[in-house]
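K.L.:
Just passing along the structure, written as structure tokens.
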Amino acid sequence: MARSSAGWVAGLTAAALATVGFLAYRAQSSVPEELVGRPGPSATPAASAAKAPRDRRHPTALPARSGTGERVVYSVDDDRVWLVSAGGTVENTFKVTPGSVDPAPGTYAVTSRSKAVTGTDGVPVEHVVRFADVQGVVVGFSAAVDQSTPDEDTDGADPADSGVKTGGVRESRADGEAMWMFATIGQKVVVIR
């Protein structure tokens with residue numbers, strides 16, 4: 001009788017695994033072809049595309065209505081980042097140089113990180129923290145190993161003339177390391193105007 005029970009359990013387990021596999025296949029086959037292999041949407045649209053209020057006396061102060069809790073706040077209008085603790089204290093703030101593609105205002109999450117890669121502009125970068133995808137262009141923070149910014153080029157040419165869309169938001173190497181230590185996978189990134 002013990003062998004018979006073991007056989008039933010093994011049979012039911014195999015049937016359950018086959019069912020789960022079939023359902024996973026069905027779910028995958030319903031994804032549109034253009035989304036296969038790309039990260040899913042990670043942004044929650046902002047309630048308003050209006051510029052977040054600023055303290056005119058303290059231009060580097062964290063803007064009001066820039067989210068709550070631990071987060072990275074990125075202003076696409078001011079080209080500035082704030083690293084904010086869970087209690088709302090600004091741990092660090094610094095200027096950045098954006099690429100040619102900006103993410104829409106909203107709340108995102110860090111989806112992937114790379115210690116060192118080559119940027120879409122051909123420049124070696126480090127401490128890459130990715131959080132958005134804008135029509136196939138991945139947006140993330142990074143630091144150029146040679147300290148160049150997207151509007152510079154070592155051969156004197158203007159990178160904007162190349163027609164390559166870049167989503168790299170460049171930081172100094174020191175700021176890139178601070179971002180790397182703060183923004184792990186899943187970290188909230190709030191993009192504001």
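K.L.:
Given the options Ser114, Val139, Val101, identify the residue whose Cα lies farthest towards the positive end of the charge dipole of segment 83-147 (+1 on Cβ of Lys, Arg; -1 on Cβ of Asp, Glu).
P.N.:
Highest projection toward the positive end goes to Ser114.
K.L.:
Separate question: Just to verify a number: what accessible area does Asp55 come out at with the full protein assembly present, 1.4 Å probe, Å² rounded to tens?
P.N.:
So the heavy atoms of Asp55 present about 60 Å² to solvent.
K.L.:
Heads up, I need the accessible area for Val138: 1.4 angstrom probe, whole protein in place, Å², nearest 10.
P.N.:
70
K.L.:
Right, something else. On a 1.4 Å probe surface of the protein chains, which of Trp82, Trp180 comes out largest in accessible area, and what is the full order? The partial results should precede the final answer.
P.N.:
On the way: Trp82 0, Trp180 40 Å².
Per-residue accessible area, sorted high to low, gives Trp180, Trp82.
The values are calculated or read from the model by the stated rules, or taken from the named source; none is laboratory data. Bear in mind that the values here come from a model prediction, so they are computed numbers and not experimental data. Cβ atoms come from the backbone with ideal geometry, glycine included; neighbour counts cover every protein chain shown. Accessible surface areas use protein heavy atoms only, side chains included; no ligands, DNA or RNA. Shrake-Rupley method; radii C 1.70, N 1.55, O 1.52, S 1.80 Å.
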